[in-house]
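S.K.: What follows is a structure written as structure tokens; I'll ask about it next.
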Amino acid sequence: MKIAVVLFDGFELLDVFGPLEMFGQLPDWKIVMVADKPGPVASAQGPCAWAEESLETFVRCDVLMVPGGKGTRTLIDNPDFIRWLKRAALGTEYLISVCTGSALLAKAGLLDSKQATSNRLAFDWVTAQGPKTLWQSDQRWVQDDKVFTSAGVSAGMDMSLAFIAHLYGQEKAQKIADYCEYHWLADPTEIDCQSPSPGSSD
């Protein structure tokens with residue numbers, strides 16, 4: 001199983017490395033980072049991640065993962081990237097996104113007529129990118145067939161474990177959560193009562 005993670009300037013660190021901590025516990029998985037060009041890509045928090053493949057040379061993967069972050073606000077207006085994302089998705093078995101990464105999927109038309117969610121603080125902006133998407137503001141993560149989307153930042157870890165459970169069963173996912181000493185919110189309706197209501201903030 002090959003999972004490709006799309007990197008871009010201003011990606012959210014935990015959106016990428018939270019799920020990858022979970023996926024990295026699966027020994028038969030190959031994880032690759034893809035970006036506009038190979039090399040370092042700066043996160044919204046400053047530290048860089050290294051992309052091994054470029055968008056131009058990327059061929060295919062089984063799972064394509066799109067994180068969120070402040071950089072999505074710029075990338076959403078990049079027609080070349082949106083076209084690439086639409087093409088790349090055609091060759092994948094599963095699509096997953098974290099936080100505002102779902103805005104990019106929606107812009108590419110990949111969430112049309114599908115249920116999905118996103119960061120509740122940026123919900124107004126995200127939903128404007130996909131008027132044909134069936135947005136769910138009261139879900140920590142959403143599965144619609146072979147598309148998984150999550151709410152903001154840490155919710156990506158819960159979604160990634162749900163994705164693992166979808167593939168390998170609940171017991172396997174829980175063992176990974178226990179190994180990581182992570183309290184998995186396995187019920188997607190379990191939203192932190194301190195979470196803000198949907199809005200248009202960054």
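S.K.: Would you indicate which of (1) 0.97; (2) 0.93; (3) 1.04 is the value of Rg/Rh (Cα atoms, Kirkwood Rh) derived from the coordinates of this structure?
M.R.: Correct label is (2).
S.K.: Calculate one ³J(HN,Hα) per residue across segment 164-177 by plugging θ = phi - 60° into the Karplus curve 6.51 cos²θ - 1.76 cosθ + 1.60, and present them in order as whole Hz with x for glycine and proline.
M.R.: Working through the residues one at a time gives 4, 4, 4, 7, 10, x, 4, 4, 4, 4, 5, 4, 5, 4 Hz.
S.K.: Taking K and R as +1 and D and E as -1, what net charge do the other residues with C-beta under 11 Å from the C-beta of Met157 add up to? Mind showing how you got there, number by number?
M.R.: Details: positive: Arg140; negative: Asp15, Glu21, Asp158.
Value of the local net charge: -2.
S.K.: List the lysines whose Cα lies under 24 Å from the Cα of Lys30, skipping any in the same chain that are fewer than 8 positions away.
M.R.: Cα-Cα hits under 24 Å: Lys2, Lys86, Lys146, Lys172, Lys175.
S.K.: Okay, next question. Based on DSSP loop calls and a cut-off of at most 16 other Cβ atoms within 10 Å, the longest stretch of the chain free of exposed GluC sites (Glu not before Pro) is what?
M.R.: 94-180
S.K.: Once fully extended, how much extra length lies between Ser137 and Lys37, figured as 0.36 nm per residue of separation less the alpha-carbon to alpha-carbon distance?
M.R.: Full extension of this stretch gives 32.6 nm more.
S.K.: Calculate, for the chain, the solvent-accessible area per residue in square angstrom, rolling a 1.4 angstrom probe over the heavy atoms of the protein chains.
M.R.: Normalised by residue count, the accessible surface of the chain is 46 Å².
S.K.: Of all beta bridges DSSP finds with both residues in the chain, what is the antiparallel percent, to the nearest 5? Walk me through the intermediate numbers first.
M.R.: Numbers: 8 of 28 bridges.
Around 30 percent antiparallel, to the nearest 5.
S.K.: Each residue of segment 37-44 in order: what ³J(HN,Hα) in whole Hz does its phi give by Karplus 6.51 cos²θ - 1.76 cosθ + 1.60, θ = phi - 60°, with x for Gly and Pro?
M.R.: Rounded to whole hertz, the list is 8, x, x, x, 10, 7, 7, 5.
S.K.: Further question on the same structure: Compute the distance from the alpha-carbon center of segment 83-104 to that of segment 27-54, in whole Å.
M.R.: That distance is 16 Å.
S.K.: Which whole number in µm²/s is D for segment 91-202 by Stokes-Einstein, with the Kirkwood Rh taken over Cα pairs at 4 °C and 1.567 mPa s?
M.R.: 92 µm²/s
S.K.: Scan the chain and hand back the longest stretch that contains none of the trypsin sites (Lys or Arg not before Pro) lying in DSSP loops with at most 14 other Cβ atoms within 10 Å.
M.R.: It runs 61-131.
S.K.: If you don't mind, another one. Would you mind telling me the share, in percent, of accessible area of the chain contributed by carbon and sulfur at probe 1.4 angstrom?
M.R.: Of the solvent-accessible surface of the chain, carbon and sulfur hold 49 percent.
S.K.: Another one. Please give, to one decimal in nm, the separation of the simple spin-label points placed at Gln45 and Gln115, each 7 Å out from Cα toward the Cβ.
M.R.: Distance between label points: 3.1 nm.
S.K.: How much mean residue ellipticity at 222 nm does the chain get from its helices, if each DSSP H run of length 4 or more adds -39500 (n - 2.57) and you divide by all residues, to the nearest 500 deg cm²/dmol?
M.R.: When only DSSP H runs of four or more count, the value is -9000 deg cm²/dmol.
The values are calculated or read from the model by the stated rules, or taken from the named source; none is laboratory data. This structure is a prediction, so every number in the text was calculated from the model and none was measured. Positions of Cβ are backbone-derived with ideal geometry, glycine not excepted, and every protein chain shown enters the neighbour counts. Just the protein is used for accessible areas: all its heavy atoms, side chains included, with ligands, DNA and RNA removed. Shrake-Rupley method; radii C 1.70, N 1.55, O 1.52, S 1.80 Å.
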